[in-house]
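Heads up: the structure comes next, in structure tokens.
Bear in mind that the values in this text are calculations on the coordinates, not laboratory data. Because the structure is a prediction, the values reported are computed rather than measured. A quick note on method: Cβ atoms are made from the backbone with ideal geometry, for glycine too, and the neighbour counts reach across all protein chains shown.
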Amino acid sequence: MFTFFYTPNTCALASHIALIDAGAAFKATRIDFAANEQQSPDYLRVNPKGRVPALVTDKGVLTETPAILAFIAQSFPAAVLAPTDPFAFAQAQAFNSYLCSTVHVAHAHRMRGYRWADDAAAIEAMKRKVPESVFGCFDLIERTMLKGPWVLGDQYSICDPYLYTLARWLEADGVDVTRLPRIMDHRNRMAARPNVRQAVQEQGG
Ligand SMILES: N[C@@H](CCC(=O)N[C@@H](CS)C(=O)NCC(=O)O)C(=O)O
């Protein structure tokens, strides 16, 4: 039985969906950002980074969404959530790494600019850039990465809940979603999946 730490409307949704897709036994524990619980001594003992998601396993704690997703896929092979061929698996990892290191970081410049600058004008400038920089990332995914119907092609994988999770932030990031028809089609098909509905519902809707 895993313990999964999440906060609603964060990147933790991707791992939550994958845990359900895998049929894993887990207890979901909510971390309240409004109360700054991610910085509480109890949670910092679980994840010293003070971020969600974190997955407590019998071997230790895992953080970082691409690592958690790969662990889930490889721990539950019967669910077929990732390719087994090394090159195809590396391609899945490349996609998820792009979401983690580039797309998510571009998005974070809207709410978390204080991570990179103290100057209020610099923080405002970073915020203003978000619609353009986040659109740029998703436009590249739309044109060159999303094979269709799923990210890797015919086979649904751990890349799909991750793309879906970050695509849920597009409107709030000021992106004109009508310019991303394939991403939106993917988002709509993901939203209709029972496991996705269940994860969203378990996180409080
Ligand atoms: N690279 C990490 C990013 C984790 C992360 O930044 N999570 C955000 C929520 S989307 C968070 O916990 N933020 C809390 C904070 O910045 O205080 C991952 O992909 O799991």
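Checking the conditions here, which among Pro161, Pro131 is in a helix (DSSP H, G or I) and touching a Gly at 6+ places or on another chain (Cβ under 6 Å)?
Unique residue meeting the criteria: Pro131.
Looking at (1) free of Cβ contacts under 8 Å to residues at least 40 places away in the same chain; (2) closer than 24 Å to Ile68 by Cα; (3) surrounded by fewer than 15 Cβ atoms within 10 Å (Cβ to Cβ), which is the one condition that is false for Thr178?
Every condition holds for Thr178 apart from (2).
Looking at the range 23-52, I want the residues that are on the phi < 0 side of the Ramachandran plot and without any contact (Cβ under 8 Å) to a residue 60 or more places away in the chain and have a partner that is assigned to a loop (DSSP other than H, G, I, E, B) and more than 12 Å from the ligand (Cβ to nearest atom) with Cβ atoms under 6 Å, at least 6 apart or on another chain. Which pairs are those?
So the pair list comes out as Ala25/Met1.
Can you find, within the range 12-40, the residue that is nearest to Gly205 (Cα to Cα) among those that are buried (at least 22 other Cβ atoms within 10 Å of the Cβ), of a type outside the set (Val, Ile, Thr) and within 11 Å of the ligand (Cβ to nearest atom)?
The residue in question is Leu13.
Could you please find all residues in the range 79-124 being in contact (Cβ under 8 Å) with a residue 40 or more places away in the chain and among the aliphatic types (A, V, I, L, M)?
Selection gives Ala79, Val80, Leu81, Ala82, Ala88, Ala92, Leu99, Val103.
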